[in-house]
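The values are calculated or read from the model by the stated rules, or taken from the named source; none is laboratory data. This structure is a prediction, so every number in the text was calculated from the model and none was measured. Here the Cβ positions follow ideal geometry from the backbone for every residue, glycine too, while neighbour counts run over all protein chains shown. Quick note on the areas: whole protein, heavy atoms, side chains included, nothing else; ligands and nucleic acids left out. Shrake-Rupley method; radii C 1.70, N 1.55, O 1.52, S 1.80 Å.
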Amino acid sequence: MENKKPAVKSPKNNRTAKDIYAMRKRRKRRKVLRQSAWLLLLAIVILVLYQRRDSWIPKLETIGTRHQSHQNTFGDTDGNFPIYIYGNAEYQLAQAGDQLLLLNDSYLNFYEQDGTLAAARQHTYGNVMLQTAGDYGLLYENGGTHFRLETPAKLRYEKTLNDQIVFGRVSRNGMAAIITGAEDCACRLYVFNSKGQQIYERDCVERISELAFHADETGCYAVRIETENGVMKSVVNSYDFSSADTIWSSQPLDMVAISVYNTSEGNLFILGDNKCCYLDATGNLLSSYTYPDQLVRGCFAGNTAAMLFRNDETRTRSVVVINGASGSPAVRTYEKDVRDIGLMTEHDEVLVQLRNEIETISYQCNVMQTTPLADSYDGFLRIGQNLFLKGYDHIACLEYQTPDR
């Protein structure tokens, strides 16, 4: 029997197979490189969009929104109003310089008074709070450790503290006072200048419940709460940022102080839960007023206080105006809902917002002007001659016109 030898592949066929394999490998490598290049380019685009998200996300959210005009007798609705609130409808409205600040759970937006969006800055603060004075806005995380100082032009600085923030206050020149908890004392007071440099720290043996800067911003007034025979009282302490000593302490005041204000006469006005009072520059009591009903809200400017009260038994509301430490309270009573009040010290007027109208009254509580509103709003913020009306999910604007005298 004849034996057959196995066929042997020629060198030429062997080289051809290797070339095909190498060519396929090169094609696969080029495909992988192209895919990697596209992925890298996409990653760069996403990174750039993320870094510039503050400028384009707010504008994207407004696409397709139908803007409505709310006409009011005070004046015409300006420019880009109303401004709509998206997502979580809870928001805070404030003034910094001549701009409107709108804070929600994700963004701090700056608007010109015609409603033009000037800047949008994202934040990640939980339980965020906003305080403003002058050109400055202080954002802080109530119960957290972060805070930052803003102006319409830019974010000035941002800081993180070791202890939880209780509250913060800001001055007209950008001084920030932050009250935190502490393990080794009742609370701790930090003060920073507008550049973010810490200029003062104080360990407090009693908790501070409220704080206001001196008029010249060289120190502050800090309120502590103490209990006497089961009754809560407030003591105002005056501190100087160049000293660890207390300049003066007031006598215990029969109230829980809510806010402290500098007056145009160099004194202090204390708004409390059941009464208010004027103190002189060394903490001595000048005058006080005991509230007739439950306090709803109060405001102060110059040397004048306006307060809104509620009586649930008679279903009435009342506005009380006190002009100076020696002024007699003027009262106006309403048998309908009052939403908000505001002072216009340059005209000696008080604005009283009702459900569907705004009354302008004098410091003597005489009605000077009544203007109907086309919608119902929860409150307002005045900047110059503009009133920004706070609705549930939008903000409207109307121009205030001084009543004929």
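Just a few scattered comments:
- Test: residue in segment 309-331 that is surrounded by fewer than 16 Cβ atoms within 10 Å (Cβ to Cβ) and farther than 30 Å from Y377 by Cβ: yes
- Matching residues, segment 144-176, being over 16 Å from the mean Cα position of the chain (by Cα) and aromatic (F, W, Y): Y157
- Total residues in segment 267-301, condition open to solvent by 50 Å² or more (accessible area, probe 1.4 Å), outside any loop (DSSP other than H, G, I, E, B) and within 16 Å of L253 (Cα to Cα): 4
Results for (1) in contact with a Ser or Thr (Cβ under 9 Å, 6 or more places away or on another chain); (2) farther than 26 Å from Q385 by Cβ, shown as yes or no for each residue.
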{"residue": "T304", "(1), (2)": "yes, no"}
{"residue": "F309", "(1), (2)": "yes, yes"}
{"residue": "V319", "(1), (2)": "yes, no"}
{"residue": "R332", "(1), (2)": "yes, no"}
{"residue": "D340", "(1), (2)": "no, no"}
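- Exactly one residue among D184, D203, D216 is open to solvent by 40 Å² or more (accessible area, probe 1.4 Å) and over 25 Å from E158 (Cα atoms), and that residue is D184.
- If only residues of segment 100-133 that are small (G, A, S) and surrounded by 16 or more Cβ atoms within 10 Å (Cβ to Cβ) are counted, the one that is nearest to I395 (Cα to Cα) is G115.
- Members of segment 134-157 that are open to solvent by less than 60 Å² (accessible area, probe 1.4 Å) and charged (D, E, K, R): E141, R148, E150
- The sole residue among S234, S238 that is in contact (Cβ under 8 Å) with a residue 40 or more places away in the chain, open to solvent by less than 50 Å² (accessible area, probe 1.4 Å) and among the small types (G, A, S) is S238.
- Within segment 177-244, strands (runs of 3 or more DSSP E) holding 1 or more residues that are under 22 Å from the mean Cα position of the chain (by Cα) and of a type in the set (A, V, I, L, M): 187-192, 208-213, 219-228
- Meets criteria (within 21 Å of S234 (Cβ to Cβ) and out of contact with any Ser or Thr (no Cβ under 7 Å at 6 or more places or on another chain)) for T314: no
- Tabulated pairs, segment 379-405, first hydroxyl-bearing (S, T, Y), second surrounded by fewer than 14 Cβ atoms within 10 Å (Cβ to Cβ), C-beta under 8 angstrom, 6+ apart or interchain: Y392/A89; Y392/D378
- Unique match (being within 24 Å of the chain's Cα centre (by Cα) and hydroxyl-bearing (S, T, Y)) among T333, T345, T290, T314: T345
- Filtered by the rule that a residue be within 20 Å of N127 (Cα to Cα) and assigned to a loop (DSSP other than H, G, I, E, B), segment 144-172 gives G144, T145, L161, N162, D163, Q164.
- Scanning segment 339-357 for residues that are surrounded by 20 or more Cβ atoms within 10 Å (Cβ to Cβ), in contact with an Asp or Glu (Cβ under 9 Å, 6 or more places away or on another chain) and of a type in the set (A, V, I, L, M) yields a total of 4.
- Only residues that are surrounded by 19 or more Cβ atoms within 10 Å (Cβ to Cβ), of a type outside the set (F, W, Y) and either touching a helix residue (DSSP H, G or I) at 6+ places or on another chain (Cβ under 7 Å) or farther than 18 Å from T345 by Cβ (or both) were counted in segment 384-393, giving 2.
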